[in-house]
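**Student:** Here's a structure for you.
Derivation of every value follows stated rules applied to the coordinates shown; laboratory data play no part. As the structure is a computational prediction, the values presented were derived from the model and not from experiment. Reconstructed Cβ throughout: ideal geometry from the backbone, glycine too, with neighbour counts over all protein chains shown.
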Amino acid sequence: MTVSPYAELLGMTFDTDADGHPFVTMGFGRDVLGRPGFVHGGAIGGMLEMAAWVALRAALGEDVTTIKPINVTIDYMRGGRERTTFAAGNVTRLGARIANVTATAWQDDRDRPIAAARLNYLLKR
C-alpha cells in the first residue's frame with residue numbers, strides 16, 4: 001500500500017489483524033504532540049480518516065474507484081496520552097455511489113476508545 005505523505009509525516013503504519021481487517025498504528029512523538037503529554041486532536045482525526053480509508057479500500061478490493069469524502073464527524077471521548085494509538089475502520093454501508101464508514105481510535109483498551117468518527121464517501125467507479 002502506498003502511504004500518504006500526511007500519514008508518513010505522523011509516523012502511521014498500516015497492518016491487518018488476525019482476521020485480516022486493516023488497522024493503523026501511530027506512535028507517540030514530537031510530531032503528534034498537542035498540549036504537553038497528549039496527542040494533538042488533528043493527528044487523531046487524521047488517523048481516523050486513514051483508518052476509514054484503508055477499511056473502505058479493503059472492502060472495494062480490486063475495484064478501481066475514486067473515493068471522495070463528503071462528510072466527517074469526529075467525537076473526542078478522552079485525551080490521547082503519551083503512548084501508541086491504534087485505529088480501525090468499519091464499512092457500514094457500501095452502495096454503488098455512497099459508502100458509510102465508522103472508525104475508532106484507542107490506546108490501551110479497544111473497548112475504551114479515545115475518539116470515533118463517522119465518514120461518508122462518494123464513490124466514482
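**Student:** List the pair-distance distribution P(r) of the range 48-125, using every Cα-Cα distance, as the percent of pairs falling in each 5 Å bin from 0 up to the bin containing the longest distance, rounded to whole percents.
**Tutor:** 3, 17, 27, 21, 13, 9, 7, 2, 0
**Student:** How far, in degrees from 0 to 90, does helix 41-60 lean away from the longest principal axis of the Cα atoms of the chain, to the nearest 10?
**Tutor:** Its long axis makes an angle of about 30 degrees.
**Student:** While we're here: With a 10 Å cut-off between alpha carbons and a GNM built on the chain, which of E49, E82, E62 moves the most?
**Tutor:** In this elastic network of the chain, the residue with the biggest mean-square fluctuation among E49, E82, E62 is E62.
**Student:** Return the Rg/Rh value of the range 1-55, two decimal places, where both radii are evaluated on C-alpha atoms and Rh is the Kirkwood radius. Can you show the working numbers first?
**Tutor:** Values: Rg = 11.6 Å, Rh = 11.7 Å.
Value, to two decimals: 0.99.
**Student:** Follow-up. Counting only helical runs of four or more DSSP H residues, what would the 222 nm mean residue ellipticity of the chain come to if each run contributes -39,500 (n - 2.57) and the total is spread over all its residues? Spell out each step's value before the answer.
**Tutor:** Details: 2 runs with 25 residues, N = 125.
Value at 222 nm, helices only, nearest 500: -6500 deg cm²/dmol.
**Student:** State, to one decimal in nm, how far the label point of I74 lies from the label point of N120, with both points 7 Å from Cα in the Cβ direction.
**Tutor:** 2.0
**Student:** Please compute the Kirkwood hydrodynamic radius of the range 1-113 from all pairs of different C-alpha atoms, in Å with one decimal. Before the final figure, lay out each step's value.
**Tutor:** Values: mean 1/r = 0.0687 Å⁻¹.
After inverting the pairwise mean of 1/r, the radius is 14.6 Å.
**Student:** As an exercise, use a Förster radius of 35 Å and the Cβ-Cβ distance of L60 and E82 to find the FRET efficiency, rounded to the nearest 0.05. All intermediate terms of the calculation are to be shown ahead of the outcome.
**Tutor:** On the way: r = 35 Å, r/R0 = 1.01.
Step by step, r from the Cβ atoms, then E = 0.50.
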